[in-house]
Structure formats: structure tokens, C-alpha cells
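Colleague: The structure's right below; bear with me while I get my questions together.
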Amino acid sequence: MKNHMKNRMKRHKTPTVIVFGLLGLLWGASFLLIKISLRGLNPAQVGLCRLALGAATLTVVMLVTHRPWPRDANIFKHLAVIAVFMFVLPVALYSWTGQFLSPSLSAVLNATTPLMTLIIGAIALRSERLTARQIGGVLLGAAGIILVLAPWEKQPGGERLTVAAGSPRFWLAALACLAATCCYGCAYVWMRRFLVPTGEARDPVGLTAMQLLIAAALAAAISPWNGVFGSIPRLSIPVIIAILILGVFSTGLGYLWNTDITAQWGSLRASQVTYLTPLVGIALGAIILHEPIALHHLAGTAVVLIAIACSR
């Protein structure tokens, strides 16, 4: 069985770059899908639906393919930690910020995940010390974030940006996005350290399915207190399609691919999938929602991407 898993992983090394690109496209579109879902669901409902649909999708995959579920008792505590930091907290935060920030801005802020992973890895893993170049990349990334947010710019609210740029709620939502990327950084480092060390033969389907089941169970357990029952869903065709894509593809298959990439490439390289999210988010926001693209958005995105490249 162990040799079979190793052979399977070797066979999948070649298309990993393709899967990496598809994952970037899928996650880049997630912020637009969240915006559409919020037209009929409240943030807590969006988060619970994403996790439940993702867990259901991978459970079906596990049953159809007759894969064994993780059984090592020691691994469940690590699965629970990753479930909280990779799924429960970021999904809740992004569902909430989707009310106030445009999909393109959320996608750009999400691109700071590799920087957060780098910083957290340097703190948590003694083997990963920050070099002068990496420190410069982190500082440059912070400058890029400031450029994207442009506190000196005053923009009106409305459908494109639900709250005015520079308002307290705008900054709170932006900080929540950055908190979500910190959660991702914690999850990537924890996954690398305890769960899927590069090259180790563990089935990513079983790991991701169990993480999502734990995350969905936790989200359901707190649903009486987090607003899931606070409003009646107003379902429409676009809302149903958006939440299905979010749950089945972005959450279920997307995080499966992410776990597989982390197992083969390591946490930092895997987290760099967020390089692609600003490009996808800005393009979809402009094409579908007709969001204006300001020069400081493009310049800030370029600075963030350069910072990430310098941090490698």
C-alpha cells in the first residue's frame, strides 16, 4: 500500500503545475462567487454551505473510490487544528468581508498568504530563518498592501464597494482579510510540520475529506450563535449556482488539490497559488461586476507580486 501511494504521487508530479494553475483560477473566482452568494444568503449561511458542500463532495469521492479514512489517533489533533485555520476561520472571515470589499480587492489581499506563511514559518520553524532578502520582501509586501488600499483615496460606496474606502468598516474588513491570510499561513506551516511533510505517502483525499468534515461539524455546532438562523435565505438561480461552485469546486476539490500540492511542493511553494488570485479577481470584477480598476490597484498588485518573488 505504501509503495502504491508513492508511485501514485510520482505519477502526479508532472501535472502538478497544471493543477496549480487551475487552483489559482478557481480560488481567484471565489471572491466573486462569495459576492453573488451574499445576495441571497447571510455570511454565516455562506460559510456553512461552503464547508458542508465541500465535505459532502469529498465524502462521495472517498466512498466511490473506496479509499481508507485516516485512522491514526495522533493525526486527528493535527487535522482539527488545520480544519480551524484552513477552513473555519478563513471561510467565516471572507464571507463577512464580502459584504464590504470588492472581489478584486479581496483577491489582492489574499495574495499576501505566502508572506504570512514565510513570517509564521520563520517564527515557528527554527530551520526557516528569514534572510535579508526575505525581510526586504516582507517590507515591500506591506508597502504594496498600503498602495492597494490607498488610504488617501476617497471612493464612493455602492454595489462595487459596499462601504466607502477609508471608512472604519472598510479598514476592519481589510484587516479581517489579512487575518484570514494569517490563518492560512498557520495552516500551511502546521500542515508542513505535522501532517504532510514533502514526499511522505499520505492520501491527500482522505486528509482533506476528514479536515472538511471536522470543519463542517464545528461550523454546524456554533450555528445557533453565529447568525446562520438570523435570516431567511433568498435563493435565486445565480445564488444557487454560486454557492454550489463555492462548495463543490472551490472548497471541496480546491482544497484537495491544495493538500496534494503541499505534499509535493512544500508549504511555501503551495501557498504561492495566491499569486494568481489578484489577476483573476481583478479581471472578473472588471468584466462581470464592472468594477473600476484604479492605477493604484494595479501598481499595488505588482508590488505585492514582486515582494513575494523577492521572498522566495
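The values are calculated or read from the model by the stated rules, or taken from the named source; none is laboratory data. Because the structure is predicted, anything quoted here is derived from the model rather than measured. Don't worry about glycine lacking a Cβ; one is built from the backbone with ideal geometry, like all the others, and counts go over all protein chains shown.
Colleague: Looking at (1) surrounded by fewer than 18 Cβ atoms within 10 Å (Cβ to Cβ); (2) β-branched (Val, Ile, Thr); (3) within 22 Å of residue 100 (Cα to Cα); (4) touching a residue at least 40 places away in the same chain (Cβ under 8 Å), can you tell me which one residue 280 breaks?
Modeller: Just one mismatch for residue 280, condition (1).
Colleague: Which ranges mark the helices (runs of 4 or more DSSP H) fully within region 87-139 that have 2 or more residues being under 17 Å from the mean Cα position of the chain (by Cα) and more than 30 Å from residue 288 (Cβ to Cβ)?
Modeller: 113-124
Colleague: It is to be established whether one or more residues within region 58-65 are under 19 Å from the mean Cα position of the chain (by Cα) and assigned to a helix (DSSP H, G or I).
Modeller: Within region 58-65, one or more residues are under 19 Å from the mean Cα position of the chain (by Cα) and assigned to a helix (DSSP H, G or I).
Colleague: Out of the residues in region 215-226 meeting the condition of being within 22 Å of the chain's Cα centre (by Cα) and closer than 15 Å to residue 43 by Cβ, tell me which one is modelled with the lowest pLDDT.
Modeller: 226
Colleague: If you take the residues in region 230-270 that are polar (S, T, N, Q) and modelled with pLDDT under 90, which one is farthest from residue 189 (Cα to Cα)?
Modeller: Within region 230-270, the match that is farthest from residue 189 (Cα to Cα) is 231.
Colleague: Evaluate region 181-200: report whether one residue or more is of a type in the set (Lys, Arg), in a loop (DSSP other than H, G, I, E, B) and out of contact with any strand residue (DSSP E or B) (no Cβ under 9 Å at 6 or more places or on another chain).
Modeller: Within region 181-200 (the criterion being of a type in the set (Lys, Arg), in a loop (DSSP other than H, G, I, E, B) and out of contact with any strand residue (DSSP E or B) (no Cβ under 9 Å at 6 or more places or on another chain)), the answer is no, since none of the residues qualifies.
Colleague: When only residues in region 161-170 that are surrounded by fewer than 21 Cβ atoms within 10 Å (Cβ to Cβ) and touching a helix residue (DSSP H, G or I) at 6+ places or on another chain (Cβ under 8 Å) count, which is modelled with the lowest pLDDT?
Modeller: 161
Colleague: Something else about it: Check off (1) surrounded by fewer than 19 Cβ atoms within 10 Å (Cβ to Cβ); (2) within 29 Å of residue 170 (Cβ to Cβ) for residue 101 and give me the number that stays unchecked.
Modeller: So residue 101 meets the others, but not (1).
Colleague: Still on this model: When you scan region 241-312 for helices (runs of 4 or more DSSP H) that lie fully inside it, which ones turn up with 3 or more residues that are of a type outside the set (Gly, Ala, Ser) and touching a Lys or Arg at 6+ places or on another chain (Cβ under 9 Å)?
Modeller: The qualifying helices (runs of 4 or more DSSP H) are 254-265.
Colleague: Residues of region 66-81 being among the hydrophobic types (A, V, I, L, M, F, W, C) and assigned to a loop (DSSP other than H, G, I, E, B), which ones?
Modeller: The one that is among the hydrophobic types (A, V, I, L, M, F, W, C) and assigned to a loop (DSSP other than H, G, I, E, B): 69.
Colleague: Could you go through region 148-155 and let me know if any residue there is at pLDDT 75 or above and of a type in the set (Asp, Glu).
Modeller: The answer is no; no qualifying residue exists.
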